[in-house]
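A.B. asks: Pasting a structure here, questions to come.
The values are calculated or read from the model by the stated rules, or taken from the named source; none is laboratory data. Here the structure is a predicted model, which means the values were calculated and not measured. When the accessible area is computed, the model is the full protein with side chains, heavy atoms only, and any ligands, DNA or RNA have been set aside. Shrake-Rupley method; radii C 1.70, N 1.55, O 1.52, S 1.80 Å.
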Amino acid sequence: MSSCTTATTSFPTKVPHIHSWKNDVFPKNQLLGTLSLSSKKNSHLGFTVKTSSQTNFLSAMDEDCKLEVSSSDIPDGYSKELEIAVRAVHMACLLCQRVQDNLLSESSEHVHSKEDNSPVTIADWSVQAIVSWVLSEAYGSENVSIVAEEDVEALSKASAVGLLEAVVRTVNECLADAPRFGLKGPGTDLDAKAVLEAISRCSLAGATGSKFWVLDPVDGTLGFVRGDQYAIALALIEDGEPVLGVLGCPNYPMKKEWLSYQNGYRRILSRLTSHTSESLDKGSVLYARKGGGRAWMQPLMCRENNFVWPNSAREIRASSIDNPALATFCEPVEKANSSHSFTAGLAHSVGLRNQPLRVYSMVKYAAIARGDAEIFMKFARAGYKEKIWDHAAGVLIIEEAGGVVTDAGGRPLDFSKGEYLEGLDRVTSTFATRHINPKNHGVEKTKKEGSGGARNNGNDNGDEPFGGFFGPGGGFNIPGLGGAYGGGFGGPKGGYAKGGVIRPSVVCKDKGPCLGKKLRCPAKCFKSYSRAGKGYGYGGGSGGCTMDCKKKCVAYC
Ligand SMILES: Nc1ncnc2c1ncn2[C@@H]1O[C@H](COP(=O)(O)O)[C@@H](OP(=O)(O)O)[C@H]1O
Ligand SMILES: [Mg+2]
């Protein structure tokens with residue numbers, strides 16, 4: 001039986017420098033907590049498509065690989081869908097690990113540029129092909145609707161013959177391993193036409209149906225090609241809401257402590273140690289189903305082993321930290337994807353003191369779902385439209401783990417409008433719990449805690465609506481921002497407060513002459529800003545404005 005080895009080919013590209021997850025972006029003083037929430041085990045959404053091909057497909061599974069979790073642990077709906085999705089994502093993780101190893105070890109040229117200049121690799125297409133193929137085999141292609149990030153345009157060009165061959169080889173080598181994951185393989189190799197068909201079966205048009213899968217085959221492709229974090233994200237949407245989410249995080253180990261080591265170092269160490277479920281190079285797969293109020297994490301499979309459900313699954317909970325000063329917020333590594341200077345100002349204003357955790361991809365959602373961080377803020381440039389596949393799986397897992405995901409206005413993300421999160425108020429905000437909502441500079445207690453129904457803004461729980469950063473209900477009370485809410489900045493209509501210029505301001509919290517004084521960056525100097533004084537250590541940017549809360553109590557260019 002072959003393993004998911006990577007096919008090689010050559011294409012002009014450049015692989016950027018390696019950017020690894022370093023100690024300095026993952027502070028050691030974070031606290032882990034467990035939140036005790038009443039889990040909602042009702043599942044009124046259950047559907048199970050049982051086609052003859054699904055029955056055959058599942059009966060082809062190894063006896064050992066059948067679901068072993070007790071029935072009381074699982075809500076009724078989606079158990080088969082979840083099982084297949086988790087297995088497919090595990091298989092995809094192995095494929096990606098091999099491709100990433102090759103990319104790094106061979107100074108390989110497997111990275112291709114899309115029209116928008118974002119990178120795409122053979123892993124993106126290959127994962128999309130295998131997930132599409134597996135789901136289609138399970139349910140029959142006519143019964144499955146998949147929306148995914150990649151199309152076949154670049155792959156179908158005459159000049160891309162070698163690229164296509166590499167993808168076909170990678171797909172077949174991986175599908176040959178399907179039985180190890182308890183999945184039925186194709187028997188004979190798929191040809192190029194079948195692979196292209198599997199990829200293109202994932203059409204964007206499906207995003208408007210009442211039930212469809214959504215896949216980001218390699219989320220955080222930049223992290224992937226840099227040997228860093230990335231995720232494989234698969235979700236099932238029904239009636240505009242994610243009902244099942246699986247996040248494969250091949251470089252996010254089961255044990256948080258191992259994050260301090262660079263990925264390459266962990267891989268070397270793991271080769272020197274025995275392969276157990278606690279092996280150092282183990283990535284993780286997180287998953288949840290709507291309504292259970294529970295979320296899970298499994299280690300990636302040892303390379304030689306067979307996947308046996310539940311594969312050492314461990315329940316995860318979001319952090320219970322309720323003090324913003326102890327909380328850590330996540331944000332994208334790439335400044336182009338989210339304004340670091342803006343989030344730094346925001347974070348300071350609401351009392352967040354830890355260094356931000358900057359990490360590629362939906363691993364940010366994973367970090368919060370498992371209690372490694374508390375807040376995720378993404379503030380994309382004006383005009384950027386968030387895609388559903390960049391959020392769906394993470395949102396559901398966070399919610400089932402006890403967290404909350406909203407836009408800046410405190411509204412849940414809307415997955416019912418097609419490929420994009422339409423109407424999204426530019427900030428995506430994710431909180432580990434409702435308690436961590438730093439509304440009014442502190443802790444907000446809601447009437448009642450819940451988990452499974454969180455994305456409904458608590459309406460079916462009798463909870464209060466969840467105030468977002470700037471949203472209805474007071475927002476963060478950020479001087480200069482919260483105050484400008486009515487004027488447009490961060491408000492439901494989006495846009496900046498004054499003439500398109502961000503003018504962050506803070507009320508100094510340092511003991512001394514500046515305590516309580518409000519400083520505001522002069523509009524003329526603002527591009528990004530850094531700060532001086534205690535508690536102003538991170539962020540920085542290019543220093544368009546400096547706030548001195550220690551001695552002079554002024555903000556200057
Ligand atoms: N200008 C931009 N602003 C915000 N998000 C962007 C962006 N360009 C790309 N993205 C999205 O951000 C994702 C990466 O997230 P992050 O920056 O958190 O690592 C990308 O996923 P892909 O890598 O799958 O294309 C892409 O969908
Ligand atoms: Mg993505």
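A.B. asks: I'd like the distance separating the alpha-carbon centroids of the range 313-349 and the range 362-400, in whole Å.
C.D. replies: The range 313-349 and the range 362-400 have Cα centres separated by 10 Å.
A.B. asks: Taking a 21 Å limit on the Cα-Cα distance, which of the listed pairs Lys385/Lys417; Lys282/Lys364; Lys335/Lys511; Lys518/Lys551; Lys509/Lys550; Lys378/Lys552 fall beyond it?
C.D. replies: Details: Lys385/Lys417 12 Å; Lys282/Lys364 18 Å; Lys335/Lys511 32 Å; Lys518/Lys551 14 Å; Lys509/Lys550 9 Å; Lys378/Lys552 32 Å.
Flagged as over cut-off: Lys335/Lys511; Lys378/Lys552.
A.B. asks: Moving to a separate point now. log₁₀ I(q)/I(0) of the range 123-269 at q = 0.11 Å⁻¹, via Debye over equal Cα point scatterers, no solvent, to two decimals?
C.D. replies: With one equal scatterer per Cα and no solvent, log10 I(q)/I(0) is -0.47.
A.B. asks: Sort Lys550, Lys509 by accessible area with a 1.4 Å probe, largest first. Could you put the intermediate results ahead of the total?
C.D. replies: Values: Lys550 110, Lys509 90 Å².
The ranking, largest first, comes out as Lys550, Lys509.
A.B. asks: Next question. How long is the gain from Lys518 to Asp101 if the chain were fully straight, where each residue apart is worth 0.36 nm and the alpha carbon distance is subtracted?
C.D. replies: 145.1 nm
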